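Okay, structure first, notes after.
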Amino acid sequence: MRIMNSRLFPLIQLLILVPGSLMVEPLPVNCRRSVCAEKGSEVRIWCFYSNTNVKSVFWFNQKQSNYWRNKNEPEDLTLDSEYSGRVKFLSGLSGQCPELIISEVTEQDSGEYRLIFIMDDGVKRYASAAVDLTVTDLQVKINPPLGISREDTVVLTCDGSCDTGKAYTYWQKDGQLFTFSLSRNITVSITKNPGSYSCYETIKPSLSPSVCVSQSVCWNVAYSSTRVCSLEGSTVEISSSYSHPSGFTVTNTLWSYGEFRVDEDLREEDRFAGRVEYEENKLRIKELKMDDSGQYQFRIITDKAEGKFSGSPGVILTVTDLQVTSHPDATADGKVILSCATRCTLSEKHTFIWYKNGRRVTEGFTKANKLYLDSISSEELQEFSCVVADQERTALRNAAVVFCVILSLALTGALWYSCRRFTCFKTHSAEMEHVQDDTVYNNISPEMKGDAENQDMHYSTIEFETHPPSTVKQPAPTTETENVCYAAVMVR
């Protein structure tokens with residue numbers, strides 16, 4: 001009996017999984033079958049096809065099936081909350097070379113990525129080949145291990161990198177560039193060059209954890225996470241730990257913002273006034289603002305002039321608001337998928353809650369950050385909004401929002417509506433991001449107070465329009481006894 005080629009098994013498995021809406025015959029594609037990327041880097045995945053009867057196309061990863069409405073029906077990866085803010089889709093110059101770009105890749109991103117094609121007749125077909133992504137995590141290995149050999153020198157190896165054959169390996173010592181070469185190995189003297197060593201290749205964010213090459217303790221700062229994504233208006237905590245050689249006494253520790261401002265204490269900066277707290281080695285920033293995004297470093301100061309050390313490159317914080325996007329393949333039968341998206345992948349687990357015209361949605365089906373609507377008109381889409389509630393807090397404020405949506409039928413002009421105990425705000429043009437062919441809608445993201453949901457929430461609303469709509473944002477927080485009317489005026 002002839003043994004079947006192992007490459008066919010994933011394809012056969014996919015044929016078993018996908019429903020009848022997908023044709024049995026795959027659409028021929030040419031792809032780079034395997035791609036390797038270092039943790040923290042950006043990767044590009046692409047395939048080429050020649051069929052001219054394709055209406056639209058999207059990428060999916062079978063590993064994400066738990067986030068689909070039906071595990072047998074693949075969904076667009078750009079709608080997935082675990083990839084939010086990290087994936088982009090490019091159709092290519094000819095429109096027949098779809099490319100998926102994934103930034104800040106993690107080991108969890110490793111897996112098989114495949115295309116789904118929606119043909120002109122509405123039938124879906126899968127790609128005949130997939131791209132296998134492997135994400136590696138760099139580690140520094142010491143040979144021989146310290147304490148075993150009596151030799152003064154050791155060999156450090158930057159292990160786990162992708163074998164490109166031409167990439168330089170960069171080495172840092174105590175947070176500063178030490179050397180670089182085409183070799184992955186360097187020889188270090190324990191007595192002449194003691195310190196904490198780490199390596200990276202293509203980009204600094206993929207820096208490996210450091211190892212101590214010394215007969216005593218090294219200078220070192222370690223962070224619980226080097227990338228953090230948090231919601232605008234929320235509170236973020238960044239933790240660190242440190243070590244230092246004997247003979248030094250720590251007199252002060254601080255957190256700084258920016259790569260070259262290591263001696264400037266966050267607590268003394270006007271922009272962070274009243275919002276920053278230190279708890280031992282932990283940094284807490286309250287009421288996050290969009291411009292708080294950036295690099296944060298922990299610094300040790302001792303009783304000696306040469307006894308100062310910063311944990312470089314530090315922690316990259318990204319502050320995000322909420323956006324509501326719609327799957328581009330909304331069909332004539334009214335079916336559509338709405339996604340509550342962020343500009344980065346949130347660091348903590350959250351619950352996504354949907355509202356329609358200010359009332360919690362009971363229709364449709366929800367899964368993770370998505371709302372599935374089987375029957376809806378474009379006019380109704382403008383009434384939908386999403387809320388993110390933090391699951392892990394034990395004491396949460398009440399939250400509620402009262403909406404007023406005012407549509408203008410005039411070609412030009414603005415309509416302002418004010419009512420007793422309501423405040424309407426000025427509109428401004430929305431910042432639109434074009435990701436794949438998704439439609440991005442009007443975004444409102446104030447921090448809310450009031451009502452009986454008893455949760456901290458961050459809010460985004462949608463307005464379905466063929467032209468960029470204006471948006472409304474909240475200025476100062478209202479009191480618990482106030483209601484807020486968000487009036488969106490469409491200028492057509």
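Amide H to amide H, with H built 1.01 Å from N, F178 comes under 5 Å of W171, Q172, K173, counting only residues 5 or more places away or on other chains. Here the Karplus relation 6.51 cos²θ - 1.76 cosθ + 1.60, evaluated at θ = phi - 60°, turns the backbone of region 369-385 into coupling constants of 9, 10, 10, 9, 10, 8, 8, 7, 9, 5, 5, 6, 4, 5, 8, 8, 8 Hz, with x for every Gly and Pro.
Distant-in-sequence amide contacts of G195, defined by a placed amide H-H separation under 5 Å and a gap of 5 or more residues or a different chain, comprise V213, S214. Couplings for region 111-121, taken from phi via the Karplus curve 6.51 cos²θ - 1.76 cosθ + 1.60 with θ = phi - 60°, read x, 9, 10, 9, 9, 10, 10, 9, 7, 4, 8 Hz in order; Gly and Pro are left as x.
Say R0 is 30 Å: what FRET efficiency, to the nearest 0.05, do Y168 and S34 get from their beta-carbon distance?
0.85
Pairs from the list K286/K349; K289/K349; K55/K370; K88/K349; K88/K289; K88/K141 with a Cα-Cα gap above 30 Å: K88/K141. Note on K304/I101: beta-carbon distance plugged into 1/(1 + (r/R0)^6) with R0 of 51 Å gives a FRET efficiency of 0.60. For Q382, the residues 5 or more places off, or on other chains, whose built amide H falls under 5 Å of its own are F464.
Calculate the FRET efficiency for F180 and A222 from the Cβ-Cβ distance with a Förster distance of 30 Å, rounded to the nearest 0.05.
0.80
Length gained on full extension, S375 to K289: 27.2 nm, using 0.36 nm per residue less the C-alpha separation. Among residues other than V262 whose Cβ falls under 12 Å from its Cβ, what is the net charge (Lys/Arg +1, Asp/Glu -1)? It works out to a net charge of -1. 3J(HN,Hα) along region 167-180: 7, 6, 9, 9, 10, 10, 10, 6, x, 10, 4, 9, 6, 8 Hz, from the Karplus curve 6.51 cos²θ - 1.76 cosθ + 1.60 with θ = phi - 60°, whole Hz, x for Gly and Pro.
Taken together, the values in this text are just the output of simple stated rules run on the coordinates, not laboratory data. Being a predicted model, the structure only gives us computed values, none of them experimental. Because the Cβ atoms are built from the backbone with ideal geometry, glycine has one as well, and the counts that use them run over all protein chains shown.
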